[in-house]
Amino acid sequence: MPTVSGSGETKNEHQLNKGVWSDNGAPAAAEFSVIGKRVPLKDAYRKVTGEGVYADDMKFPGMLYSRILHAEKAHAKIKRIDTSRAEALPGVRAVVTGNDAANRFGVLPVSQDELSMAREKVIYNGEPVAAVAADTEEIAAEAIWLIDVEYEPLEEFLKPRDSLKDVSPELQIHDKVEKKHPNTNIHKAVDQEFGDVEGAFKTAEAIVSAEFKFDGISHGFTEPHAIVAHWDADDRLQLYTPQQVPHYTHRALAKVLELPMHRIQVIRTMVGGGFGGKSDPFQHEMIASLLSMKTRRPVKLTMDREETFLTGRGRHPTEGKLAMAFDKEGKLTALDSDIIIDGGAYGSFGVVSAYYNGVLSNGPYWMPAFRYHGKRVYSNRIPSGAMRGHGSVNPRYCTETLIDMAAVKLGLDPCEIRLRNFLPSNTLTPYHKFRITSNGIREGLAEAMRRSEWKKKWGKLPYGHGIGVGCAWYISGSALPIHWNKLPQSTVHIKIDMDGGVTVHSLAAEIGQGSDTMLAQCVAEVIGCNLERVHVKSTTTDTAPIDLGSYSSRVTFMAGNAARKAAENIRAQLAAAASRLTGQPAQYFDFAGEQVICRSKPDVRVTFMEALHEAQADIGALIASGSYQAPPLGTTFKGSNAGLSPSYSFSAFICELKVDPETGFVQPLKIWAAHDCGRALNPLAVEGQIEGSVHMGLGQALTEQLRYRGAQLLNGNFLDYKIPTPYDTPEIEAIIVESADPEGPFGAKECGEGALAPIIPAVGNAIYDAVGVRMFEVPMTPDRVLKAIEAKKRAEAKGE
């Protein structure tokens, strides 16, 4: 049975699989030494003391500064670009345009639709058109306004449904579009149907349906985009960038610059927030590299806040019409979903997004029948991409709202109807064959209900005061990589030299989520050393083995397993050395507290350093490699790979709030957030991830939206883009549910993204409990809430 902890409560004494980690035949240790402890993150002190070096902090001799000229039209032919005045400005060292790099790139092999700078036409207001490198930022800023561009406007596509219509080739935003709709601006269309959907709706006791709309939002990370490119004396490119996925940037640079990968090194600087917004290869990375190669000098490019907003890749604006069918017992019998997502100007992760918006609705509930029609369209707006909880957040709000509506229609408690429909552990979903291993959602919801006193509050609080629930699930990394090859999805190298320092090499990007600390914990636990002895190097493609980066909540599960495997290799070498020193069999040794201890004779032991030096005799440094590749999963129909994961997290949140019926202002009071992370390798980090997810989800729920006038973004700054402050954030009670996943490292699975999705419907459902109105448009701003309240009053006055 999964265990529950958090917010000061002690962990259930019957914790599953406690201490079980070794696959080398040795009995498991009785207790973990490092795993499960509240460990400060390894980079925490560098951040809070200002010692951390971000890309904008970097300085090189002879460094130049770059600025980008962005398009002022949303859709237009480029008739002429004249850079002569900019080139003549004293202090300008180079100017580049789209003619300097013809090769297209993109994060997905199937959507290579981005150029370093626009060629022939521009496709959104803000697209890079040209760039300069100059002696100072001030000169560079002046120079870009000396570049003359003549445009011929084309029809703009600013609403998702406008992109569904047939158009001439000239008006297609990209040449390559959905094959089933060759004359449109539809990027990807997905049509899936399984089970007897029509039959389920015909025989249903309750049918609920609604149309939903979601504004696009930004990641809102603190650090703006900033990079330094250096074409060095060895004719190699060194790119310093705060990337979530250095490997994808490495590939894209090689393609755009027409260089072999070994002549490029990508160095990840400290990342001041990412949330998916730094996981694409970007145009500014290509631009700075082109300028550095042209000048043979380092080039720094730091964007201002508006430029960072214009670079985009945030959550897709979404429109959806969904319906669900239930039998008289409250069992879900079918889901029918029709969703359009606005991808903006580029493909980004969009093909995956188009699938995820449908297939990730196949949980956390049993789904006997399922139909999904999804379309991702190109438009002349800021590119959309992957954002925390990629592809699951908006449709999760829809389904959780409909489930609440069904509960009301059937006279059931909203928590009870969910409990009747949850997926069990150790099962496959009916059609997509998503493999569910551990699942602690029942325990999580039960604990959130208990702590929130749900039974005493739901439907019983005074007008304007309500409580609501939302549940979710999410992947622990994609089971199939973007680039189909035989390379592992994660690889970790460990080196220990005579000084006893344990160096862990990985390209899994530390972006604030604590992955460096997690890797150090996994290694230290296996070889029994102190955490201070372990040093993680995860910044450069020259020294770190390939890892597919920090996105899709993959790092703990995949890189953690790779680190554990590499550490077990080292452990075996140390055990053999201890055996030679003591004469005891190698398989009898335990590792803890910097000691290698014979299990059958505890007095027989050697120190970590003694075992290390014996192991190094005649060979030098100990070196080991570990890797992870997801097991074969899924089925064979088209698109069946989307959503596959070696494990899934589960969440159940309850929100209590107040609504001012005179203004529509919503004030969350307290959140009870239960998240099944398998095992909390570091409870401090898990709680931080849960709290951060709740904070970000509240922003989307109540305040955050990208606002436009036509094609022009109006609020590309932190004054007008309303991110909740600490003052706005309610008390959050993080409830850690530990289901001990059988395949995760020490039982762990994801906790970085899945905890975002449930807070938004928990807020929406609590608003209904407070004032009796359903919210079908997100964010649920005061004006929208007030409009719904007033519409309800008018309907009641008419007797409707």
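In the set (1) open to solvent by 10 Å² or more (accessible area, probe 1.4 Å); (2) touching a Cys at 6+ places or on another chain (Cβ under 6 Å); (3) not small (Gly, Ala, Ser), residue 322 fails one condition alone, (1).
For residue 353, indicate whether it is open to solvent by less than 10 Å² (accessible area, probe 1.4 Å) and either over 30 Å from residue 171 (Cβ atoms) or in a loop (DSSP other than H, G, I, E, B) (or both). So residue 353 fails the test. The single condition among (1) crowded, with 24+ Cβ neighbours inside 10 Å; (2) modelled with pLDDT under 95 that residue 589 does not satisfy is (2).
Got at least one residue in the stretch 740-759 being aliphatic (A, V, I, L, M), in a helix (DSSP H, G or I) and either within 24 Å of the chain's Cα centre (by Cα) or more than 29 Å from residue 677 (Cα to Cα) (or both)?
Residues of the stretch 740-759 aliphatic (A, V, I, L, M): 740, 748, 755-757, 759.
Subsequent filtering for residues that are in a helix (DSSP H, G or I) retains 759.
The next check asks that each one be either within 24 Å of the chain's Cα centre (by Cα) or more than 29 Å from residue 677 (Cα to Cα) (or both); those that pass are 759.
Yes, the conditions are met somewhere in the stretch 740-759.
Tell me yes or no: at least one residue of the stretch 373-382 is among the aliphatic types (A, V, I, L, M) and more than 18 Å from the chain's Cα centre (by Cα). For the stretch 373-382, residues among the aliphatic types (A, V, I, L, M) and more than 18 Å from the chain's Cα centre (by Cα): present. Residues considered: 69, 108. Of these, the only one that is touching a helix residue (DSSP H, G or I) at 6+ places or on another chain (Cβ under 8 Å) and either at pLDDT below 95 or outside any loop (DSSP other than H, G, I, E, B) (or both) is 69. If you go through the stretch 514-535 one residue at a time, how many are over 19 Å from residue 683 (Cα atoms) and not hydrophobic (A, V, I, L, M, F, W, C)? Selection size over the stretch 514-535: 3.
Would a scan of the stretch 464-477 turn up a residue that is at pLDDT 95 or above, in a loop (DSSP other than H, G, I, E, B) and open to solvent by 10 Å² or more (accessible area, probe 1.4 Å)? Checked against the condition, which is being at pLDDT 95 or above, in a loop (DSSP other than H, G, I, E, B) and open to solvent by 10 Å² or more (accessible area, probe 1.4 Å), the stretch 464-477 yields no hits at all.
So for the stretch 180-191 (the condition being β-branched (Val, Ile, Thr), open to solvent by less than 20 Å² (accessible area, probe 1.4 Å) and touching an Asp or Glu at 6+ places or on another chain (Cβ under 9 Å)), does at least one residue qualify? Break it down into steps so the answer makes sense when it comes.
Taking the stretch 180-191 as the starting set, the residues that turn out to be β-branched (Val, Ile, Thr) are 184, 186, 190.
Going one step further and asking which of them are open to solvent by less than 20 Å² (accessible area, probe 1.4 Å), we end up with 184, 186, 190.
Cutting the leftovers down to touching an Asp or Glu at 6+ places or on another chain (Cβ under 9 Å) gives us 184, 186.
Yes, because at least one residue in the stretch 180-191 is β-branched (Val, Ile, Thr), open to solvent by less than 20 Å² (accessible area, probe 1.4 Å) and touching an Asp or Glu at 6+ places or on another chain (Cβ under 9 Å).
Looking at this structure, is residue 204 open to solvent by less than 40 Å² (accessible area, probe 1.4 Å), at pLDDT 95 or above and touching a helix residue (DSSP H, G or I) at 6+ places or on another chain (Cβ under 8 Å)? Outline the logic, then answer.
Numbers: open to solvent by less than 40 Å² (accessible area, probe 1.4 Å): yes; at pLDDT 95 or above: yes; touching a helix residue (DSSP H, G or I) at 6+ places or on another chain (Cβ under 8 Å): no.
For residue 204, the condition - open to solvent by less than 40 Å² (accessible area, probe 1.4 Å), at pLDDT 95 or above and touching a helix residue (DSSP H, G or I) at 6+ places or on another chain (Cβ under 8 Å) - is not met.
Considering only residues in the stretch 251-268 that are part of a strand (DSSP E or B) and not aliphatic (A, V, I, L, M), the one that is farthest from residue 296 (Cα to Cα) turns out to be 268. Scanning the stretch 715-733 for residues that are surrounded by fewer than 18 Cβ atoms within 10 Å (Cβ to Cβ), aliphatic (A, V, I, L, M) and more than 21 Å from residue 387 (Cα to Cα) gives a single hit, 719. When you go through (1) free of Cβ contacts under 8 Å to residues at least 60 places away in the same chain; (2) surrounded by fewer than 20 Cβ atoms within 10 Å (Cβ to Cβ) one by one for residue 110, which number turns out not to apply? Evaluating residue 110 over (1) free of Cβ contacts under 8 Å to residues at least 60 places away in the same chain; (2) surrounded by fewer than 20 Cβ atoms within 10 Å (Cβ to Cβ) leaves (1) as the failure.
For (1) surrounded by fewer than 20 Cβ atoms within 10 Å (Cβ to Cβ); (2) part of a helix (DSSP H, G or I); (3) of a type in the set (Val, Ile, Thr); (4) within 15 Å of the chain's Cα centre (by Cα), each residue gets a yes or a no:
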{"position": "270", "(1), (2), (3), (4)": "yes, no, no, no"}
{"position": "274", "(1), (2), (3), (4)": "no, no, no, yes"}
{"position": "278", "(1), (2), (3), (4)": "no, no, no, yes"}
{"position": "284", "(1), (2), (3), (4)": "no, yes, no, no"}
{"position": "287", "(1), (2), (3), (4)": "no, yes, yes, no"}
{"position": "290", "(1), (2), (3), (4)": "no, yes, no, no"}
{"position": "300", "(1), (2), (3), (4)": "no, no, no, no"}
{"position": "308", "(1), (2), (3), (4)": "no, yes, yes, no"}
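Inspect the stretch 634-656 for any residue being crowded, with 21+ Cβ neighbours inside 10 Å, in contact (Cβ under 8 Å) with a residue 24 or more places away in the chain, assigned to a helix (DSSP H, G or I) and of a type outside the set (Asp, Glu) and give the result as yes or no. Looking for residues that are crowded, with 21+ Cβ neighbours inside 10 Å, in contact (Cβ under 8 Å) with a residue 24 or more places away in the chain, assigned to a helix (DSSP H, G or I) and of a type outside the set (Asp, Glu), one finds none in the stretch 634-656, hence no.
Considering only residues in the stretch 153-171 that are open to solvent by 20 Å² or more (accessible area, probe 1.4 Å) and within 30 Å of the chain's Cα centre (by Cα), the one that is nearest to residue 72 (Cα to Cα) turns out to be 158. Take residue 228 and decide whether it is hydrophobic (A, V, I, L, M, F, W, C), surrounded by 19 or more Cβ atoms within 10 Å (Cβ to Cβ), under 33 Å from the mean Cα position of the chain (by Cα) and under 30 Å from residue 302 (Cα atoms). Against the criterion (hydrophobic (A, V, I, L, M, F, W, C), surrounded by 19 or more Cβ atoms within 10 Å (Cβ to Cβ), under 33 Å from the mean Cα position of the chain (by Cα) and under 30 Å from residue 302 (Cα atoms)), residue 228 qualifies.
Residues are listed down the side, and each one gets a yes or a no for (1) in contact with a His (Cβ under 9 Å, 6 or more places away or on another chain); (2) without any contact (Cβ under 8 Å) to a residue 60 or more places away in the chain; (3) over 30 Å from residue 209 (Cβ atoms):
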{"residue": "298", "(1), (2), (3)": "yes, no, yes"}
{"residue": "301", "(1), (2), (3)": "yes, no, yes"}
{"residue": "308", "(1), (2), (3)": "yes, no, yes"}
{"residue": "311", "(1), (2), (3)": "yes, no, yes"}
{"residue": "316", "(1), (2), (3)": "no, no, no"}
{"residue": "320", "(1), (2), (3)": "no, no, no"}
{"residue": "323", "(1), (2), (3)": "no, no, no"}
{"residue": "334", "(1), (2), (3)": "no, no, no"}
{"residue": "344", "(1), (2), (3)": "yes, no, no"}
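For the stretch 565-586, filtering for residues that are over 41 Å from the mean Cα position of the chain (by Cα) and open to solvent by 10 Å² or more (accessible area, probe 1.4 Å) leaves 9.
Taking the condition of being assigned to a strand (DSSP E or B) and within 24 Å of residue 67 (Cα to Cα), how many residues in the stretch 191-250 meet it?
To start, the set of residues in the stretch 191-250 that are assigned to a strand (DSSP E or B) comprises 191-194, 206-214, 217, 226-231, 237-241.
Then drop every residue that is not within 24 Å of residue 67 (Cα to Cα), which leaves 226-231, 237-241.
Result for the stretch 191-250: 11.
Taking the stated definitions as given, is residue 700 open to solvent by 10 Å² or more (accessible area, probe 1.4 Å) and assigned by TED's automatic domain parsing to the domain that holds residue 438? Considered against the rule, which asks whether it is open to solvent by 10 Å² or more (accessible area, probe 1.4 Å) and assigned by TED's automatic domain parsing to the domain that holds residue 438, residue 700 comes out as no.
When you scan the stretch 681-700, do you find a residue that is without any contact (Cβ under 8 Å) to a residue 12 or more places away in the chain and of a type outside the set (Ser, Thr, Tyr), even just one?
Step one: list which residues in the stretch 681-700 are without any contact (Cβ under 8 Å) to a residue 12 or more places away in the chain, which gives 692.
Among the residues that remain, those that are also of a type outside the set (Ser, Thr, Tyr) are: 692.
There is at least one residue in the stretch 681-700 that is without any contact (Cβ under 8 Å) to a residue 12 or more places away in the chain and of a type outside the set (Ser, Thr, Tyr).
Residues being within 18 Å of residue 697 (Cβ to Cβ) and outside any loop (DSSP other than H, G, I, E, B) are represented in the stretch 785-796 by at least one member. If we scan the stretch 608-621, do we find a residue that is under 30 Å from residue 762 (Cβ atoms), surrounded by 15 or more Cβ atoms within 10 Å (Cβ to Cβ) and among the aliphatic types (A, V, I, L, M)? For the stretch 608-621, residues under 30 Å from residue 762 (Cβ atoms), surrounded by 15 or more Cβ atoms within 10 Å (Cβ to Cβ) and among the aliphatic types (A, V, I, L, M): absent.
The values are calculated or read from the model by the stated rules, or taken from the named source; none is laboratory data. Here the structure is a predicted model, which is why all the values come from computation and not from measurement. Virtual Cβ from ideal backbone geometry, glycine too; neighbours counted across all protein chains shown. Ligands, DNA and RNA are stripped out before the accessible areas are found, and what is left, the full protein with its side chains, is counted by its heavy atoms. Shrake-Rupley method; radii C 1.70, N 1.55, O 1.52, S 1.80 Å.
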